[in-house]
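Worksheet: one structure, shown below.
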Amino acid sequence: MSVGVKWALTEQEAGRPALSLLADVSLPVGDTDFTDDYVNPKLLLLFTNTLTERLSLTGNVGPKFITLQVAGDKKTVVDLSYTAMLSGSVTERTGWFAELFGAFALSETRTGSHFVHAGLTFLARRNLQLDVRAGIGAVADVPDWLFGAGLAVRFPR
């Protein structure tokens, strides 16, 4: 689970994508097979560009700080996270996406992780979106398959 905030930096203009900044922290909740005991911050520069009325290209890049236990000591390493996603609308309330995402490890104690996945979204209310997704790891050291569901809430300004 993570909690974060997003700030709009620029609006999309002809030939130029919209830019935003996202800051979030992962929280140490859930089963130990899926989380760790630390709060790990991440800072991402996001972009979105509408290609057609029903097709968009979005992405992000930025550092993720990860706290690890190494030989009994706490150590923080940095990964360079990234995402590139093509998405589109099926109807006014449903959509699809295909995404390449992962992280390049910037520390010799870790290896990178890269995934390809796709999914569907459903806008349940003006400020509430649900999604389901499935994918596969794109390198040897990551899980073979991933499945997930999500909930996104937009708070009023």
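The values are calculated or read from the model by the stated rules, or taken from the named source; none is laboratory data. Quantities reported herein were computed from a predicted structural model and do not represent experimental measurements. Here the Cβ is made from the backbone with ideal geometry for all residues, glycine too, and neighbour counts use every protein chain on show.
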Legend entry - From the options F97, F104, residue that is in contact with a His (Cβ under 9 Å, 6 or more places away or on another chain) and over 20 Å from D131 (Cα atoms): F104
Legend entry - Some residue of the range 90-105 being over 24 Å from F147 (Cα atoms) and in contact (Cβ under 8 Å) with a residue 40 or more places away in the chain: no
Inset, instruction - Check whether at least one residue in the range 33-40 is in a strand (DSSP E or B), among the polar types (S, T, N, Q) and either touching a Lys or Arg at 6+ places or on another chain (Cβ under 8 Å) or buried (at least 16 other Cβ atoms within 10 Å of the Cβ) (or both), and report yes or no. - result: yes
Inset, instruction - Examine the range 40-60 for a residue that is among the hydroxyl-bearing types (S, T, Y) and in contact with a Phe, Trp or Tyr (Cβ under 6 Å, 6 or more places away or on another chain), and state whether such a residue exists. - result: no
Legend entry - Leading residue by the ranking (modelled with the lowest pLDDT) among those in the range 20-32 that are closer than 16 Å to V3 by Cα and in a strand (DSSP E or B): S26
Legend entry - Qualifying residue in the range 128-146 (condition: touching a His at 6+ places or on another chain (Cβ under 8 Å), over 24 Å from M1 (Cβ atoms) and not basic (K, R)): yes
Inset, instruction - Test A98 against the criterion of being touching a strand residue (DSSP E or B) at 6+ places or on another chain (Cβ under 6 Å) and small (G, A, S), and give yes or no. - result: yes
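Residues checked against (1) surrounded by 13 or more Cβ atoms within 10 Å (Cβ to Cβ); (2) under 16 Å from the mean Cα position of the chain (by Cα); (3) outside any strand (DSSP E or B):
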{"residue": "T50", "(1), (2), (3)": "yes, no, no"}
{"residue": "L57", "(1), (2), (3)": "yes, yes, no"}
{"residue": "I66", "(1), (2), (3)": "yes, yes, no"}
{"residue": "E108", "(1), (2), (3)": "no, no, yes"}
{"residue": "L130", "(1), (2), (3)": "yes, yes, no"}
{"residue": "L146", "(1), (2), (3)": "yes, yes, no"}
{"residue": "F155", "(1), (2), (3)": "no, no, yes"}
Legend entry - Flag if S87 is within 30 Å of T52 (Cα to Cα) and in contact with a Pro (Cβ under 8 Å, 6 or more places away or on another chain): no
